[in-house]
Each structure stands twice: as structure tokens, then as C-alpha cells.
Amino acid sequence: MSGHDVSLAGLYYDGELRGHRLHHFEAHLERCPTCRTELESLYRLRQLLQSFTLPPDRTSPERFAARVRSRLPKSRPQPAWKSMLRGLWQTTPALLFGALTFGQAVFTVSGTVLMMLGLAGGATLLRDSWLVRLALLAGAVLDGSARAVLQLLGTLSWYVLLNLIFFSAIALLYWGWLASWWAYRRADL
Amino acid sequence: MSTATTMQDELTLIAQAQRGDQESFGELIRRNQEGVVSLVYRMCGDMALAEDAAQEAFLRAWQRLPGYQPRAPFRNWLYRIAANVALDVLRRERTTVNVDELPLMASEDSPDEAFEMVERREYVRRAVLTLPAASRVVLILREYEGLSYKEIADVLEIPVGTVMSRLNYARSKLREALAPYLQVEVK
């Protein structure tokens, strides 16, 4: 090792030098007063720092532990993911309803805009919206037109079936989730 | 008791505490209280504040205990929480930890020795407490808690290079501040 690097003295002093770097530095130390001074200064600093002690009038570990324990919540600690999962579980119905309403709103608004622009897709989109279909059906029922009701029911049937499957799947998923959570909580007690 | 037995014992206590056993957690507190309190005390310089902050650190540890993985030593995991609490305290209580307002520490030695010791202790304490918090915590973990650079980097979630630069900075500042006590003879 030619010359000296005082930062190596710090690494050596902290026990962070390994292998050949350690051997080289030890050999260098034999003939380098600057690095020896640096090292000595670090040892003195450590010695001096030891005078920054804790005051004697501190709480005993037993008393300290008792104080902390008295402030602990009664329930066992919950992992962060479990709290998130619980939040998700609690908001699932609202999320599902929100998603459905949002989807239908986008569907209806897009259809209205397309229809106003005179594009054929708009009418199709509007016709396919179950919100619109239900509104038409309600209108027909209120008008007392049996034929119109039957026609609308006919066009609605395939759509209702698809929706039924869709909602049943969502309901199954939700109740499945509810049941698994309940089982988990039971096992957890 | 061997180190391996102690570690196994600690792992058992941690597992029990993770299942909600407050008695086991109490034992973990008793074993680690000294280290956590001394870290926080040396960070903020006031024992009442340090004990409150250390309690807060253990309460946070209890909440986060289910997420603890025994890959890192439990003590270091606690130090991470305690260091964060100490930094929060320092941000919140800037005026409280003004070094000029800190109470003097009592001594049990003879008057002359006591005077010299108290003077030196106060000098060192003030020098440490005037370091920037980021460098101070690195210095404390190295000099007082004996952690390696890698462990300090893990505790503070910073690169090892940053640990080294902060440590060098802290030491150079301390050597300036404590120059009268650091007269070195070249051999």
C-alpha cells in the first residue's frame, strides 16, 4: 500500500476491513504514523463518548415493561394486510354497487351522446342498457299496454338471463368471501 | 445460558407474543428496554422524553409484531422503530431538546473528580446532541450499540455508503468539538 488513506483507519477501527485489505492495512499501519495517529484519535474519541452515559434515576426494566403492558390494547396485534383485507371485505358491497352503477352510467351516457351525434351505435347502446329497458318497461306497465309489456319482456329475457348469471356469480363470490372470513375468524379465536 | 439457547428462547417469546401473549412481550420489553431507552435518550438528551418515546416505540412494535420476520435480529428491528420514534420526537419537540436547556446530570464521585467528570460528560453530551439527527443516529448505533455498518444500513434503510459518510461526518464534527479532550501523541 503506497501513501495512506485515513478512511481505511475508520474501517479498520470499526472492524469492517476483511481479508487482504485488512492484512495490507495492518502492514501499512506499522510504518505510517499518520494512520496510527488517526486510529489513536478514534480510540480516544470512543473512550470520551463513553462518558455520555444514561442517568442513574431511570425506570427499572420491570416497571418500564409493566407501564408499556398497561397501555397495550386488549386485542392481539393484527397484521397490516389483515386490516386492509377487513376494510376491503367491509366495503365490498359498496364497491360492487358502485362499479355496476358506474358501468351503467357510462353505458347510458355514451349511448345518449352517440345518439345525439346521429351515430347508429348510440341507439343500440341505449337499447341494450338495462336501465333504459327497465324504464321503458315501467312506462309500458304504467300505460297499461299489455302488448308493449310483453314485447319488452321478450327483448329483456336474454338480457335478464345474462344479468341473472352475472349477479348470481357476484353474489356467490361475495357470500363465499363472507363465509371464508367467518371461518377464518372462528379459527383465529 | 449459551447464545444459541438465548436466541431460541427469544424466538419462542416472539412467536408467543405474535399470537397475542402479552406476558411474552413483557419479557421481550424487559430484555430490550435498556438498548431502546439508551438509543432514544442519546438521540434526544432528556430521560423523561426518552422513556416516553421508548414506550411509544414498544407500543408500535406490538402493533407491527405480526409482520416481524426473524431474518434480522429482533433488537435491530426494535432499533429501527425506536430510531423512527426518536426522529418523530425530535421533529415534534424541537424546543424541548435544546441542548442549552437540558438538565445537568448528577454524579456519585468525589467533588473534584465529580466536577471534572460532570464537565466532560456535559461537554460530550452537548457535542453529540448538536450533531444533525441523521448523523447522530448513525454514530449512536455504531459507538454505543455496537452495530456493524450493514446492520445500521438495515436499521435505517439507507445504503452502507451513506452510513460511512454520515459516520465520518459525525466523527469529524465531534473531533472538532471535543478537541481539548483529544490530544494525541504520535508514536
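Across the stretch B:22-35, coupling constants 3J(HN,Hα) worked out from phi with the 6.51/-1.76/1.60 Karplus curve, θ = phi - 60°, read 6, 5, 5, 5, x, 5, 5, 5, 4, 6, 10, 4, 4, x Hz, and Gly and Pro carry x. Annotation for the stretch B:120-187: GluC sites (Glu not before Pro) lying in DSSP loop with at most 13 further Cβ atoms inside 10 Å of their Cβ are B:E157, B:E185. Heavy-atom accessible area with a 1.4 Å probe sorts B:W77, A:W177, A:W182, largest first, into A:W182, A:W177, B:W77.
Annotation: A:T37 carries an accessible surface of approximately 40 Å², with a 1.4 Å probe and no ligand, DNA or RNA atoms counted. Ranking B:Y169, A:Y13 from most to least accessible surface, computed with a 1.4 Å probe over the protein chains only, gives B:Y169, A:Y13. Accessible area ranking (1.4 Å probe, heavy atoms, ligands and nucleic acids excluded), largest first, for B:I158, B:I14: B:I158, B:I14. Remark: the stretch A:97-105, residue by residue, has Karplus-estimated 3J(HN,Hα) of 5, x, 5, 5, 5, 4, x, 5, 5 Hz, where x stands for each Gly or Pro and the curve is 6.51 cos²θ - 1.76 cosθ + 1.60 at θ = phi - 60°. Phi angles across the stretch B:53-59 convert, under the Karplus curve 6.51 cos²θ - 1.76 cosθ + 1.60 with θ = phi - 60°, into 3J(HN,Hα) values of 5, 5, 4, 4, 4, 5, 5 Hz, Gly and Pro given as x. In the complete set of protein chains, residue-level accessible area for B:S165 is approximately 70 Å², probe 1.4 angstrom.
The values are calculated or read from the model by the stated rules, or taken from the named source; none is laboratory data. Source: prediction; values computed, not measured. We place every Cβ from the backbone using ideal geometry, glycine too, and count neighbours over all the protein chains shown. Quick note on the areas: whole protein, heavy atoms, side chains included, nothing else; ligands and nucleic acids left out. Shrake-Rupley method; radii C 1.70, N 1.55, O 1.52, S 1.80 Å.
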